[in-house]
Amino acid sequence: MSLDPYKVLGVDKNADASSIKSAYRKLARKYHPDVNPNDKAAEDKFKEISEAYDILSDSAKKEEYDNLGREAFYERGFGGTGYQRPDFSQGGFSFEDIFGDLFGSGSKRGSSRNGFAFDRHFGGAQAPKKGDNVNLKLSINLREAASGTEAKLELGVPHTCSQCHGQGIVSSGGGVRNCPLCGGRGITNRLESLKVKIPAGINSGQKVRLRGKGSPGENNGPPGDLLVEVTINPDPIFTRKDRDLNADLPVGLYDLLLGGQVEVPTLTSRAQLKVPAGTQNGTIMRLRGQGMPATKKDPAGDLYVTIKAVLPGQLSPEAKQIAATLAEAAPLTGAGQ
């Protein structure tokens, strides 16, 4: 009976060699005969995933399968001979080529069941491998991004299982079984409180690296890192463009007509801005150095404020007369008719 190796290993056709190997190893650990003694269903499943890996781990076989399709590969592949399955003889499983590729031909052979080396499958002389990086998102506000901050994170950090020491299996009654603490994964999550320092001037989307706080390594390899991706929440006053900030500034009509000093909110406090007499609504004015703070790589940004005229409220008859007199004495130029 033919099988679909992609479906058996749970990978898609674009999976690379590393993904195929990882999927195979996870399933092989679960259905290994030493982990499931006297379990015919697990033994058959183990044969299937080993056959699937035999096809997909060999570039020539994989290409033949992809080109011919499932049935033709088994019946007419390789010049008409068809695919030859690995030897599941009465003596046990003959997967030396498969596991030599996956775990290294120099792996030490240890105790076995059905002629299959358990040490070869679960480690032996494998080289140390660094653990995977762990990604996390953190939201902060614009002022925290400008001044820098220290955030406290509580998360489950992967650790090598203390019961099986990362092997995923434990001895039990003269045999082996999946580790009850980690469920055969070799790692457990431990709740930890971590502090991450966010540097001043950080951009949304930038990442802060906490070295050694990722997944544990394999075979005494170093742990991976924790990568914290920073997202800056929208600010009610300022919008950001690179190092510069933009904001609307309400200014009273009389200050626009006569000129004056107005206060402008900044990220850290308030600044004074001189508004010349006759300033028009919509005018953009710049406050140098009041944007995002300087970093080692970039100078401080500027703050650009857009003038928004504030008109008086309901006018009294006297105020209307004054406004009419002003309109006659100082008619607007360029206004629509």
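Considering only DSSP beta bridges whose two residues both sit in the chain, what percent are antiparallel, to the nearest 5?
About 70 percent, rounded to the nearest 5.
Calculate the FRET efficiency for Thr295 and Leu326 from the Cβ-Cβ distance with a Förster distance of 35 Å, rounded to the nearest 0.05.
For Thr295 and Leu326, the calculated efficiency is 0.10.
If neighbour count is taken as other Cβ atoms inside 10 Å, put Thr295, Thr279, Thr325, Thr333 in order from fewest to most.
Thr333, Thr325, Thr295, Thr279
Would you kindly enumerate the cysteines in the chain that have no other Cys beta-carbon under 4.7 Å from their beta-carbon?
none
Could you tell me the convex hull volume per residue, in Å³, taken over the Cα atoms of the chain?
263 Å³
Express in whole angstrom the spacing between the alpha-carbon centres of segment 297-318 and segment 228-253.
When both Cα centres are located, 14 Å separates them.
What's the longest uninterrupted piece of the chain once you rule out the trypsin sites (Lys or Arg not before Pro) that are loop residues per DSSP with at most 12 other Cβ within 10 Å?
110-210
At 0.36 nm per residue, minus the direct Cα-Cα distance, what do Leu68 and Asp242 gain on full extension? Give it in nm, one decimal, please.
Stretched fully, the Leu68-Asp242 segment lengthens by 57.3 nm.
Among Asn246, Leu226, Ser19, which residue has its Cα furthest toward the positive end of the charge dipole of the chain, with +1 on Lys/Arg Cβ and -1 on Asp/Glu Cβ?
My answer, from the dipole projection, is Leu226.
For Lys207 and Glu318, what is the calculated FRET efficiency with R₀ set at 56 Å and r taken between the beta-carbons, to the nearest 0.05?
0.35
Take the Cα of Asn38, step 7 Å along the line toward its Cβ, and report every residue of segment 140-172 whose backbone nitrogen sits under 17 Å from that point.
The answer is 172.
Viscosity 1.567 mPa s, temperature 4 °C: give me the Stokes-Einstein translational D for segment 134-232 in µm²/s, with Rh taken as the Kirkwood radius over C-alpha pairs.
85 µm²/s
Every number in this text was worked out from the coordinates using simple rules, so none of it is lab data. As the structure is a prediction and not an experimental result, all values here were calculated from the model. No Cβ is skipped: glycine too gets one built from the backbone with ideal geometry, and neighbour counts run over all protein chains shown.
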